[in-house]
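Novice: Please find one structure pasted underneath; my questions will follow.
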2 protein chains.
Amino acid sequence: MTVRKDDYSGRRIRSVTIAFNIIEVLQERNHVGVTELADELDHSKSTIYSHLQTLRERSILVQEDNGYRLSLRLLDMANSVREQIGNYDVISSEVDKLAEETGEIAQFGIEEHGRTSYLYKATGEQAVETRSRVGIQQPMYSTSLGKTILAFMPSSRTEEIVESIEYTSFTSQTVTGPQELYAELDVIAKRGYGIDDEENIEGLRCVAAPVKREDTVLGAISITGPSSRFTDERIEELSEHVKRAANVIELNTKFS
Amino acid sequence: MTVRKDDYSGRRIRSVTIAFNIIEVLQERNHVGVTELADELDHSKSTIYSHLQTLRERSILVQEDNGYRLSLRLLDMANSVREQIGNYDVISSEVDKLAEETGEIAQFGIEEHGRTSYLYKATGEQAVETRSRVGIQQPMYSTSLGKTILAFMPSSRTEEIVESIEYTSFTSQTVTGPQELYAELDVIAKRGYGIDDEENIEGLRCVAAPVKREDTVLGAISITGPSSRFTDERIEELSEHVKRAANVIELNTKFS
DNA sequence: AATGCTGTTCCCCTCTAGGGAAGATTATTT
DNA sequence: AAATAATCTTCCCTAGAGGGGAACAGCATT
């Protein structure tokens, strides 16, 4: 297996960075004008203007009366990403089912550059609000999805990631270093599912099961809920649900 | 109302163009390497490499064993776009309903830079295959969605668009110029719904109703199907369906 | 061990692209 | 309606960004 570096080496292209800064601003707030963007990103109006024209020509954004906004073109890109991941339909339908039958939050995540990225999320009837969102990243060591993925990927890759992590304690329960994490991963590997016991967010617990494929993991599927409802017994019970869902997804992964 | 130019003036940023060329290649095919991209886009490996590192740092793409692929970050962007459009939930549920009750393809589109962009698509039981896809653009003058939107937007904007169109005949029925188009728009405005009678694709007919808001149009909702099933009577019948769906969406558009 | 792939780094030189400022256009004010 | 103040857009100058070539490094295959 090729050794991947998760640090960022090499040169950066400044104008590309500027372009994505613009896109990021537009992601948070639409109908922004040239002047406003120039002020916010600390560039001259002419610079921003040229960028906007470039992005506009590429149909990344549209110009409307009251400013620029991101275009639907991005929806097409997102679709391509979903298709490339493969098995999106099975995954989403299993996550939906899980959310419905448990009433909680169900999610599917994969590893990207040593972090957990959410591919799909469904919220059940009594689900709590969380800040997790499709497409964003979270640390691997503080989430059930991340730890579960780590526990089942080829050990060479697991080590790469574990060693490159900078550990930050989000709560008093957060794993604080490699040794502790390795121990936890062992437990998960043996038990077959991973738990997040208020390690990422105070008051929230999760259970996750890996979706395996040959000698590696495609991702993991999880359920999240408030500690009040997520007793040890309930978690064990829920672990059966996630394992079953994971299994269904695995069975539908013959090709791709 | 501000006069918008739909032609592309001003300077372009070359490196941003290169970056999006890379993204476009990656959209069609994942796990592409540096060398391959350099060949395909006709740039040196070092150039492509720097770009890839930049995009990687921005989490636009991920580097895996067998090459680069677009990251889930794009799903997050797509979500922002949907949120910015507003009323996405009502729109998608109405389109779903429409597809289900008619068994055909139902779509919702908006205008972007004088073209029709698809925001949402649902396919019913007996739906035919089409190349339309969420996020992509089609001409306004050859689609029921586009013509319907044109028919109900402020006339100043309609003119701007109609005049800037370059007319291409996709089928023998395609509208061929401004005069013909204006006449058609009049009919649509009076009738309350628009029709595409094999004007965009041979063998396909569509009906669309506008989703209005104050003095302008948010977009339009349509049903598409094979001419064999879409007799004039059926179309008139279906027009009621789309008008009803459009109305439901309108009623849910108080804010935003 | 040798060859042929990849990805990565280095350096040079050109011309890109960022910035300032002035000109257009539209909006707001009086 | 004229005047003012915002925008957006264009133009030009010049520093340094970034594209390219080539050499290097790391794997894989033979």
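Novice: Among B:219-226, A:189-196, B:23-30, A:122-129, how do they line up from the highest to the lowest mean number of other beta-carbon atoms within 10 Å?
Specialist: Ranked by mean Cβ neighbours within 10 Å, highest first: B:219-226, A:189-196, B:23-30, A:122-129.
Novice: For residue A:175, list long-range residues whose amide hydrogen, built 1.01 Å from N in the peptide plane, is under 5 Å from its own amide hydrogen.
Specialist: HN-HN under 5 Å from residue A:175: empty list.
Novice: For residue A:62, what accessible surface area do you get with a 1.4 Å probe? Give it in Å², rounded to 10.
Specialist: Around 10 Å² of this residue is reachable by solvent.
Novice: For residue B:212, what accessible area in Å² do you get when you roll a 1.4 Å probe over the heavy atoms of the protein chains, rounding to the nearest 10?
Specialist: Near enough 90 Å² of accessible area.
Novice: Determine the shape class of the range A:172-220: with a ≥ b ≥ c the square roots of the Cα gyration tensor eigenvalues, call it rounded for a/c under 1.5, and otherwise prolate if a/b is greater than b/c, oblate otherwise.
Specialist: Verdict is oblate for the range A:172-220.
Novice: Accessible area of residue B:155, 1.4 Å probe, to the nearest 10 Å²?
Specialist: Rounded to the nearest 10, the figure is 80 Å².
Novice: Rounded to the nearest 100 Å², what is the sum over both chains of accessible area buried where B meets A, with a probe of 1.4 Å?
Specialist: 6300
Novice: Right, here's the next one. How big is the convex hull of the Cα atoms of the range B:60-130, per residue, in Å³?
Specialist: That works out to 143 Å³ per residue.
Novice: By its C-alpha gyration tensor, with a ≥ b ≥ c as the square roots of the eigenvalues, how is the range A:122-256 shaped: rounded for a/c under 1.5, else prolate for a/b larger than b/c, else oblate?
Specialist: The shape class here is oblate.
Novice: Another question, then. Enumerate the calculated ³J(HN,Hα) couplings along the range A:41-55 in order (Karplus 6.51 cos²θ - 1.76 cosθ + 1.60, θ = phi - 60°), each rounded to whole Hz, writing x wherever the residue is Gly or Pro.
Specialist: Whole-Hz 3J(HN,Hα) from phi for the range A:41-55: 9, 6, 9, 6, 4, 5, 4, 4, 4, 4, 5, 4, 5, 5, 5.
Novice: On to the next question. Quick one: grab the alpha carbon gyration tensor of the range A:14-71, order the square roots of its eigenvalues as a ≥ b ≥ c, and give me rounded if a/c is under 1.5, else prolate or oblate depending on whether a/b is larger than b/c.
Specialist: In terms of gyration-tensor shape, rounded.
Novice: Could you please state how large a percent of the accessible area of chain A is carbon and sulfur, counting protein chains only and using a 1.4 Å probe?
Specialist: Ligands and nucleic acids excluded, carbon and sulfur give 46 percent.
Novice: Something else: Taking the rotation that carries A onto B, look along its axis and tell me which residue of A has the beta carbon nearest to it, distance in whole angstrom.
Specialist: Spelled out as residue then distance in Å, it is A:78, 2.
Novice: Exceeding 18 Å between C-alpha atoms, which entries from my cross-link table qualify? They are B:97/B:243; A:121/A:190; B:147/B:212; B:97/B:212; B:190/B:243; A:97/A:121.
Specialist: In this structure, A:121/A:190; B:97/B:212 lie more than 18 Å apart at Cα.
Novice: Other chains' Cβ within 10 Å of A:19-31 residues: what's the mean?
Specialist: So the per-residue partner count for this stretch is 4.
Novice: Can you quote the Å³ per residue value for the convex hull of the Cα atoms in the range B:101-201, rounded to an integer?
Specialist: 102
Novice: While we're here: Show the residues, 5+ positions off or on another chain, whose built amide H is closer than 5 Å to the amide H of residue A:112.
Specialist: A:117
Novice: Taking a point 7 Å out from Cα toward Cβ as the label site, list the nm distances between residue A:202 and the same residue in every other copy, smallest first.
Specialist: Values, ascending and in nm: 6.8.
Novice: Next question, about the same structure. Report ³J(HN,Hα) in whole Hz for each residue of the range B:91-106, in order, from the Karplus equation J = 6.51 cos²θ - 1.76 cosθ + 1.60 where θ = phi - 60°; Gly and Pro get x.
Specialist: My calculation for the range B:91-106 gives 4, 5, 5, 5, 5, 4, 4, 4, 5, 5, 6, 9, x, 9, 7, 10 Hz in order.
Novice: In the neighborhood of residue B:121, defined by Cβ-to-Cβ distances under 13 Å, what is the net charge if each Lys or Arg adds +1 and each Asp or Glu adds -1?
Specialist: After counting each charged neighbour, the total is -3.
Novice: Which whole-number value in Å³ per residue fits the convex hull of the alpha carbons of the protein assembly as shown?
Specialist: Spread over its residues, the Cα hull of the protein assembly as shown gives 164 Å³ apiece.
Novice: Expressed as a fraction of 2.2 N^0.38 Å, the rule-of-thumb size for a compact globular protein of N residues, what is the C-alpha radius of gyration of chain B?
Specialist: This ratio for chain B stands at 1.14.
The values are calculated or read from the model by the stated rules, or taken from the named source; none is laboratory data. As the structure is a computational prediction, the values presented were derived from the model and not from experiment. Neighbour counts run over all protein chains shown; Cβ positions are idealised from the backbone, glycine included. Accessible surface is based on the protein model in full, side chains and every heavy atom, while ligands, DNA and RNA are left aside. Shrake-Rupley method; radii C 1.70, N 1.55, O 1.52, S 1.80 Å.
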